[in-house]
Structure formats: structure tokens, C-alpha cells
1. Name the single residue that is nearest to the chain's Cα centre (by Cα) among those in segment 36-71 being open to solvent by 50 Å² or more (accessible area, probe 1.4 Å) and under 16 Å from ARG99 (Cα atoms).
2. Given (1) within 26 Å of LEU111 (Cβ to Cβ); (2) at pLDDT below 90, where does LEU26 come up short, assuming only one miss?
3. Residues being in contact (Cβ under 8 Å) with a residue 24 or more places away in the chain, part of a loop (DSSP other than H, G, I, E, B) and basic (Lys, Arg): count how many of those fall in segment 18-56.
4. For segment 90-116, which positions are of a type in the set (A, V, I, L, M) and at pLDDT 90 or above?
5. Kindly check whether there is at least one residue in segment 66-89 that is at pLDDT 90 or above and in a strand (DSSP E or B).
6. Among the numbered criteria (1) among the charged types (D, E, K, R); (2) open to solvent by 40 Å² or more (accessible area, probe 1.4 Å); (3) more than 27 Å from SER113 (Cα to Cα), which single criterion is violated by GLU96?
7. Looking for whichever is assigned to a loop (DSSP other than H, G, I, E, B) and at pLDDT 85 or above here; the options are GLY15, GLY3. Which one fits?
Amino acid sequence: THGARRFRVLANVEGRPYRQAQVRWLDEAAGDDPREAADAVRVEFARYQDALGRPAAALPDEPTALSYAVAAHAVLDLGLRQSLLEIPDTTTRLREQARLLRRERTLLARLPSLPAVDLPRAARDLN
């Protein structure tokens, strides 16, 4: 599934062969300074990618799109990803991402191993 617009689930609709819900569409507020926050996240994300041994990723220029791309590409647990999605404005989301990326780099520097970021994408050989 690829989301195109933010929403909040109000209620699940029962009795369908697939999941449906009543939703409320959410506005996407920019916040007080999304460009400055986006610049900081670009720097932190490049450092984070380097710490993981990954090549630099191409990122969107637009701050809101950037905030979603970083959330999708960072190795974060599902709860953290969801908390990022729930932040109501782009500037605050980007500032929180910069903080998380700094924290993750600190952890990577102190731990002797890296997360298995490519394991789910690796080809499987059953032999």
C-alpha cells in the first residue's frame, strides 16, 4: 500500500472480506520553518547512511515528501515510524527525525554490529 494522503481511523467497518474503516482526512501543516529543518535532516540522514555503510540516497527536495522518505528509509521499529507519522506538522516531524538519526548514529558507533537492513530484500536459497 502506498499512502497519498494522511488520515486518522475513526472506526473499523466490520463484515467485509478486506479491511475498511471510517476515516477523517488530516491537513498537512508545514510548521514554522520546514526548509531549515529539512536541511538539517538531509545532513543527518547522509551521516546515518554513511554509518550504515550505505550509499547516499536520493531524497526529495520538498520538506514534507522528505520527511516521509526519511521515515521510510531509516531502520526504525514500527512504533517509532508510527509516532513519526502521527506528528501533525512537517517541521516538528523533521526535527524529531534529526534527533532520532543522531541517536541511531550514536548507537551504531557504540555497538559492534549493524542492523540487518538488507536481509528482508536478500534472495533466499533453500539449499
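1. That would be TYR68.
2. All conditions pass for LEU26, except number (1).
3. 1
4. Applying the first criterion (of a type in the set (A, V, I, L, M)) to segment 90-116 yields 94, 98, 100-101, 107-109, 111, 114, 116.
Matches in segment 90-116: LEU94, ALA98, LEU100, LEU101.
5. yes
6. Of (1) among the charged types (D, E, K, R); (2) open to solvent by 40 Å² or more (accessible area, probe 1.4 Å); (3) more than 27 Å from SER113 (Cα to Cα), only one is false for GLU96: (3).
7. Result of the check over GLY15, GLY3: GLY15.
The values are calculated or read from the model by the stated rules, or taken from the named source; none is laboratory data. Note that the structure is a prediction, hence the values are computed from the model and not measured. Backbone-built Cβ (ideal geometry, glycine too); neighbour counts: all protein chains shown. Just the protein is used for accessible areas: all its heavy atoms, side chains included, with ligands, DNA and RNA removed. Shrake-Rupley method; radii C 1.70, N 1.55, O 1.52, S 1.80 Å.
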